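The structure appears below as structure tokens.
The values are calculated or read from the model by the stated rules, or taken from the named source; none is laboratory data. Remember, it's a predicted structure, so these values are computed and weren't measured experimentally. Cβ coordinates were reconstructed from backbone atoms using ideal geometry, including for glycine residues, and neighbour counts include every protein chain displayed. Ligands, DNA and RNA are stripped out before the accessible areas are found, and what is left, the full protein with its side chains, is counted by its heavy atoms. Shrake-Rupley method; radii C 1.70, N 1.55, O 1.52, S 1.80 Å.
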Amino acid sequence: MNVHAPVDTSLSLAALPNGRQATVAGIEWDRLSIPEGRRLRELGFDEGVGVEVLHRASIGKGPIAVRIGRMIVALRRNVAATIHVSLAA
Amino acid sequence: MNAAPLVALVGNPNAGKSALFNALTGARQKVGNYPGVTVERKSGRLVLDDGRPVELVDLPGTYSLEPSSPDERVTRDFVTGRQAGERLPDAIVIVLDASNLDNHLRFALQLIALGLPVVIALNMFDLAERDGLKLDPQVLTRELGVPVVPTVAVRRRGLEDLKQQLSGILEHGAAIPLRASDGVPEDIVTLQRRARQLAQRATVSEAPTRRWGHALDSIALHPVFGVILLFAILFVMFQAVFTWATVPADAIDTGFLALEQWIKGLMPDSILRSLLTDGVIAGVGAVVVFLPQILILFAFILVLEASGYMVRAAFLMDRMMASVGLSGRAFIPLLSSFACAVPGIMSTRTIEDEKDRLTTILIAPLMTCSARLPVYTLVIGAFIPNRAVLPFVGLQGLVMFGLYVMGVVGAFFVALVLRNTVTKGASSGFMMEMPKYQLPNVRDVALGLLGRTEIFLRRAGTIIATTTIILWALLTFPQVPAGSKVSQVNYSIAGRIANTIEPVFRPIGFNRDIALALIPAMAAREIAVAAIGTVYAIDDPESDQGGKKMVENLRGRWSLPTALAFLMWFVFAPQCISTIAVTRRETNGWKWPAFMVGYLFALAYVSAGATCWAATALGL
Ligand SMILES: Nc1nc2c(ncn2[C@@H]2O[C@H](COP(=O)(O)OP(=O)(O)O)[C@@H](O)[C@H]2O)c(=O)[nH]1
Ligand SMILES: [Mg+2]
């Protein structure tokens, strides 16, 4: 499995502006706890998947709502920060 | 009985398993428990076209066969035949959300690989169409090698077809070739990729519609408007509990009074008549009056869940819950606990983190449940003047609100302390799928309420009826000898017990009547009201003709500091054996319920005492 995939640290999902289409470039699995990592995989987070931040609970902290495929998922920002994305062309 | 084949509904959370279960079995349902865990076992009878009965089981939703919560473990053990006391199902119906195939197909692949006979219900076909998605079920049938039936559980579409396919696979057993089972990879990422490919092949066309749910979410999840909306909904909910319930509650009250009069007309005055009227009818009636309020509260909660809003509320509350070491997920069980802590505690099963879940269980009894309402209503009505402090804001209502707030503030405070001591641990995460918005299905909400009504009435008929009968007996015997100056209550066994323990409660302002009421109220809080009523009915025969006299008795015998201390006691005290029992089952032992009872009594004692002293010092 791609535990140590080369990760582009420039943009994390936590920093992705609302409404910008992006694809997952890599996930720093080792920064996540085992159950967190598993649930993230179960929700379909994986390299190459299209994602978009839809809403943010509040400025600064609080969870974010992310569209992944046809599903909306709530994530805390510390988790979103481990998901690196590249902007869609 | 065991001739009926066993069929399980399996799938991701929110795929529509319960809706499909309700549609297929109607009211022929049975709710029980799996041994050893409090995961509800919902089963029902389904009759196939040829008249064969099938036992259908609605399993808890899960994302994979690797469980991360007690619910999910039941699902895995059930479909692999490892669940204690269950046989391996004869077939499974995999329920998929057609509008979210990428994700749901992955779990389907895992399930098919188990090798059991399978039918796939491609559910929520209407939502897929609403989202501009055109699917070809034939492609899935071909690729997966199992029958795939498009269904719309809430409109009962596709059910006949589903039953037919089920009938077919039950006949042929595993004779259907399981193409996908050869070489299904174990690893979740590979499975996910295969699922995405499959979903793509099954998709005929896809119109990129901007979902209207997005517009709703822009408000519902907004940092400012979303919070305002949430509080507005909660306000309406509590308002409704108090205002809508009065008419049906009065009707129930009148009904019980009529029953009492009828019995009084039928029988001569005797011990038996007293048992029926003062014991059973007064006690059970005092509790059943609250059925409308409880149902209204549950109706709101069911609708909030079914509409998809509940997870949005959890999203908004996550930040605040995180500040005391919990997650937004805990908001859902805590909100249910306003109706009753028992289902609230049971719904913590979906919380994955063990310490997070334990903390939520331990603070759930601090949410003001509906059983406290009778106590609050009676005491506030007797002691707090009914005047306005502001236009539209009455003092009585304000005190009631204050008691709710006390509970919530107490819960947050306790959570903070626990998370830094006994349930210390890394902050748990918050990761939840947000279901699509929907108009709630009336039938499903009605079935949910019916289930709640049954549980409540069974409780009233068993625990509460038994306790009030025992209390009545303890208050009636031994009978005071004629001509004695000792009152019947003081002479009775209950009175003697109360007089013995009264010194423990005297420092916090409680009198003998309260000490007497607190013991039976351990069974259920509402009994406190019935107990005080019975005490005064027996002590003062004039007073059993309705509530008016009871209020006067209270005013005459209690001081205001005593009344306030009594209210404060009920904010915190763990007066409910059902809650203690469910906590024991949920935490697998007596350690945590004992801890819960201990800390809540300590909190209740200290705060009631502080209230009494402060009120006395202020000269109230
Ligand atoms: N539009 C639509 N809604 C559905 C369908 N099936 C279920 N639902 C709704 O989807 C929500 C989740 O369904 P539920 O049965 O609780 O899902 P479960 O978690 O799998 O048991 C509920 O609000 C249902 O009313 C369907 O076929 N079409
Ligand atoms: Mg369900």
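What nm distance separates the two modelled labels at residue B:259 and residue A:18, each placed 7 Å from Cα along Cα→Cβ?
5.5
For chain B, what % of the accessible area comes from carbon and sulfur atoms, probe 1.4 Å?
Carbon and sulfur: 64 percent of the exposed surface of chain B.
How fast does the range B:436-573 diffuse by Stokes-Einstein, in µm²/s, taking the Kirkwood radius from C-alpha pairs at 37 °C and 0.692 mPa s?
After rounding, the answer is 193 µm²/s.
When the solvent-accessible surface of protein heavy atoms is calculated with a 1.4 angstrom probe, in what order do B:560, B:554 fall, highest first?
Greatest to least solvent exposure: B:560, B:554.
Could you tell me the relative contact order of the range B:270-429? Use alpha-carbon pairs under 8 Å, at least six residues apart, and round to a whole percent.
21
Figure the gain on full extension for residue B:45 and residue B:620 (residue separation times 0.36 nm, minus the Cα-Cα span) and round it to one decimal in nm.
Between residue B:45 and residue B:620, full extension yields 200.8 nm more.
Between residue B:405 and residue B:606, how high is the FRET efficiency from 1/(1 + (r/R0)^6) when r is the Cβ-Cβ distance and R₀ = 25 Å? Nearest 0.05.
Once rounded, the FRET efficiency stands at 0.85.
Which FRET efficiency value, to the nearest 0.05, do you get for residue B:239 and residue B:172 by plugging their Cβ-Cβ distance into 1/(1 + (r/R0)^6) with R0 = 60 Å?
Using R0 = 60 Å, I get an efficiency of 0.60.
Once the Cβ-Cβ distance between residue B:455 and residue B:577 is put in as r, and R0 is 22 Å, what FRET efficiency do you end up with, to the nearest 0.05?
So, using R0 = 22 Å, E works out to roughly 0.90.
Along Cα→Cβ, 7 Å out, is where each label goes; now give me the distance between the ones at residue B:502 and residue B:437 in nm to one decimal.
Using points 7 Å along Cα→Cβ, the separation is 6.0 nm.
Roughly what % antiparallel, to the nearest 5, for the DSSP beta bridges in the protein assembly as shown?
70
Taking all pairs of distinct Cα atoms, average 1/r, flip it, and tell me the Kirkwood hydrodynamic radius of the range A:13-87 in Å to one decimal place.
Over the range A:13-87, the inverse of the mean reciprocal pair distance is 12.1 Å.
List residues of the range B:91-105, by number, whose backbone nitrogen lies under 18 Å from a label position 7 Å along Cα→C-beta of residue B:197.
B:101-105
Which value, in Å² rounded to 10, gives the accessible area of residue B:222 with a 1.4 Å probe and all protein chains present?
60
Quick one: check the C-alpha center-to-center distance for the range B:585-620 versus the range B:250-324, whole angstrom.
Each part's Cα centre sits 25 Å from the other's.
Hey, what D do you get for chain B in µm²/s if you plug the Kirkwood alpha-carbon radius into Stokes-Einstein at 10 °C and 1.306 mPa s?
Answer from the Stokes-Einstein relation: 59 µm²/s.
What list of whole percents do you get for P(r) of the range B:6-206, with Cα-Cα distances grouped in 10 Å bins up to the one holding the largest distance?
9, 38, 38, 13, 1
Which percent of the Cα-Cα distances in the protein assembly as shown go past 47 Å?
The calculated P(r) of the protein assembly as shown puts 26 percent of pairs beyond 47 Å.
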